[in-house]
Structures are given as structure tokens and as C-alpha cells.
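Everything below concerns the one structure shown next.
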Ligand code: KG4
Ligand code: ZN
């Protein structure tokens, strides 16, 4: 039995978790900084770093206490190395190094993007990942920083089928919410505003799907683009403001949010299902912060082909957390793949040719 302490600080959540043998989450403590960044309409990297600095110790104490363990019981410290905001990542990484050195534990470096995929298997996914019949697996990672489709085979080799060529899906929702004056973070606010709204009232574009009558170039078949939807919203907003004495009519908010969210969800689901069919996958993983979205979840439940197993990440593990870091890190720990104490953070996602958890 091994206990891994996971540490996550890539963006605006300070998180520490204790995970047993890769899957069983004994604790997952998260301190959200959302309220601190809301006034700025988005995450301010230096502010995030300072907040991590003060939050890490209490969040660590909470994670250990909830799991009913001490640092002596921990076998390794796993930490998010990147991708993410460098000032924020550095705080968590250095905290993890200090803990590991001080308590004589090995350090394990975890890729945040890969950890998001792994989050779908926390608690009870053990059998799925070990079963060869679960592959190929198609993972859709949709968060504030990523929109990516990764094809994973039974040996863990991975191939990126597509990614966003401009904004991430979460970013598209965050920016729309900001434009409509609804606040930050946009994903959950847009979802709430859209409830009961008419998804067909306004026609937002579905970029790179061929729906506008323009065939999709082969290289963009599984790529995403969300900036066109955002621009269409800006024009819609301006048009309605001009027609209504300079104010966006509040009675249009619900239908606007519903139609906009529908465009984002429609593109994500349509492309994922098309890739699932083309590559004859056995499972679809949906993960990352946007995977919290109820409309996205319902749509996948409805449209995933019957012979394909849907792995919807539990909502509590969709947004940034350290359980996914501790769980994912366990696999590297098991293989003795430890990080040296001079590793640095990285901001951008590297090419992923192999996932470490298979
Ligand atoms: O995974 P995450 O916590 O951080 C990154 O790694 O980026 O994802 C945050 C993103 C934000 O863009 C947020 O608006 C979005 O996830 N999000 C949602 C929902 N909850 C969070 N998007 C749509 N619907 C939601 N319910
Ligand atoms: Zn994330």
C-alpha cells in the first residue's frame, strides 16, 4: 500500500490531496481563489502566486487531517510541474520540493493536462485502465486552458487528434460571460444564466464543423476554434445595444447564454463523437473544468454510441484538484520514476506521446 501526497497550484486553486494506491482518494482539499480574482475579471498570475503561498500550509494540514495521516505515512510527494501559470506553478513546486527534502520522500512530477484525463478514473477506475478491452480510449480535455482530443492505446501511447487553434472552450465561456457583464468564472455563470433559455433563438457559428457549407480542411477535422463564436457574440451584443438605446436588454440574456453555450457544446460533442467513430474507440473520457457543464454531460450521455463506454469525470474532480495529481503520480512512483530536486516549471503543454498511467 502506498500513499501519495498530491499538490496542485497551476492556476487559481490551491489543492492538496492524499491518494492511496492511485485511485482511492482519502482527502482532496481545495482552496479556491475565485473571489480574489473576480474583481479583475480573470486570473492575475502574481496574485495567484501570493495566494498559493499563504494557502498551501493550511490546505496541506486539512488534507492530512481529513485523511487521518501525517507526513510520516506519505510515500512520495507528487506535484504539478506544468502546464500552467509559471508564478503559480513555482510556488507549488517549491513547496513540494521543500516537503520532500524535509521529510526524506521522493518527488514525482505530474503533467497537469494528463492528470485531468486521469481524474476520470479516480475512486473506481482501476479495473478500466487495466483492462485491454477499454482501448483505444479517446480523451476530450476541456478546461480554461485546453481543448484537446487525445487518442490513447492499450500501451499508453497517445496521439493528439486535434486541439484548439485559438481560445480554449472554458476561455470562450469565460470571455462571453465577461462581455455580457455576468462575471467570473464564466462557465458556471453561463450555465446558470442559460437554464430554461431557448438554444435556437440566436444562431451562433459552429467553426470547423462544415456547418456553414464550407468543407473542413483535413488538418482541422478534429481541431477546435472558438474565437469566431466569441466574435459573433460581440456583434450580437453591439447590435442589440444599438437597437435598445445603448443597453443590452436583460430579457435577452437567458436565450443569448443558452444559444452561445449550445454552440460551444455542439462543436465539442460533434467532433468527439465523429473521432470516436473514425478511430473505433472503446471509451470516451470527458474531463477538465468544462466537463462540469450539465448540458455537455447530458449531450454525451445521449449521443455516445452504445458500444462505447463513456467516462464522465465526477464533477468534484473536473476542475483543478490535487487528487488527480496524487493519483496520476502514483503510477510514476510505482515505476520508480522520481524527479530531481532541480526541476523547473513549464507553461505550455509539451507533445504527449505517452500517458504515464497505463
Ligand atoms: O480545469 P480547470 O479548473 O482549470 C484549468 O485547467 O483551466 O477549468 C476551469 C474552466 C473555466 O474556464 C471555467 O469557466 C470552466 O472550467 N467551468 C465550466 C463549468 N465549471 C467550470 N464551464 C462550463 N460549465 C461549467 N459548469
Ligand atoms: Zn486544469
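Coordinate-derived values only; no laboratory data. If you're wondering where the values come from, they're calculated on a predicted model, not measured in any experiment. Here the Cβ is made from the backbone with ideal geometry for all residues, glycine too, and neighbour counts use every protein chain on show.
As I understand it, the value is the acute angle between the Cα axis of helix 86-102 and the longest principal axis of the Cα atoms of the chain; what does it come to in degrees, rounded to 10? So the helix axis and the longest Cα principal axis differ by about 20 degrees. P(r) for the range 254-358, from all Cα pairs and a bin width of 10 Å, is 12, 33, 34, 17, 5, 0 %, short bins first. Taking all C-alpha pairs of the range 1-41, those more than 11 Å from each other amount to 65 percent. Calculated mean residue ellipticity at 222 nm for the chain: -12500 deg cm²/dmol, from DSSP H runs with n ≥ 4 weighted as -39500 (n - 2.57), summed, divided by the residue count and rounded to 500. The Rg/Rh ratio for the range 114-260 is 1.07, where Rg is the radius of gyration of the alpha carbons and Rh is the Kirkwood radius. Projected onto its three principal axes, the C-alpha set of the range 38-100 covers 40, 21, 15 Å, listed from the longest axis down.
Convex hull volume per residue, computed on the Cα atoms of the range 24-164, equals 130 Å³.
Once the chain from residue 192 to residue 354 is taken as fully extended at 0.36 nm per residue, the excess over their C-alpha distance is 54.6 nm.
In this label model, residue 39 and residue 306 are separated by 5.7 nm, measuring between points 7 Å along each Cα→Cβ vector. For the listed peptides 222-231, 99-108, 13-22, a ranking on the average number of other beta carbons within 10 Å per residue, highest first, reads 13-22, 222-231, 99-108. For the range 266-318, the C-alpha radius of gyration divided by 2.2 N^0.38 Å, with N the number of residues, is 1.05. Cα centroids of the range 297-325 and the range 128-168: how far apart, whole angstrom? Measuring centre to centre over Cα atoms gives 12 Å. Bridges between two residues of the chain, per DSSP, are antiparallel at a rate of about 60%. When the chain is treated as a GNM with alpha-carbon contacts under 10 Å, the residue of 293, 111, 68 showing the greatest mean-square fluctuation is 68. Shape class for the range 191-341, computed from the alpha carbon gyration tensor (a ≥ b ≥ c): prolate, with a/c not under 1.5 and a/b above b/c. What is the range 170-229 by shape, rounded, prolate or oblate, if you read a ≥ b ≥ c off the alpha carbon gyration tensor as root eigenvalues and call it rounded for a/c under 1.5, prolate for a/b larger than b/c, and oblate otherwise? It is prolate, given that a/c is not under 1.5 and a/b is the larger ratio. Axis angle, to the nearest 10 degrees, between helix 45-67 and the longest C-alpha principal axis of the chain: 60 degrees. Sorting 49-57, 155-163 by average packing, meaning the other beta carbons within 10 Å per residue, from highest down gives 49-57, 155-163.
Subtracting the Cα-Cα distance from 0.36 nm times the residue separation, let me have the gained length for residue 344 to residue 219 in nm, one decimal.
41.7 nm
From largest to smallest, what semi-axes in whole angstrom does the chain give when each is the square root of 5 times an eigenvalue of its alpha carbon gyration tensor?
For the chain, the ellipsoid semi-axes come out as 35, 25, 16 Å.
Which angle between 0 and 90 degrees, to the nearest 10, do you get for helix 169-179 versus the longest principal axis of the chain when only C-alpha atoms count? The angle comes out at about 60 degrees.
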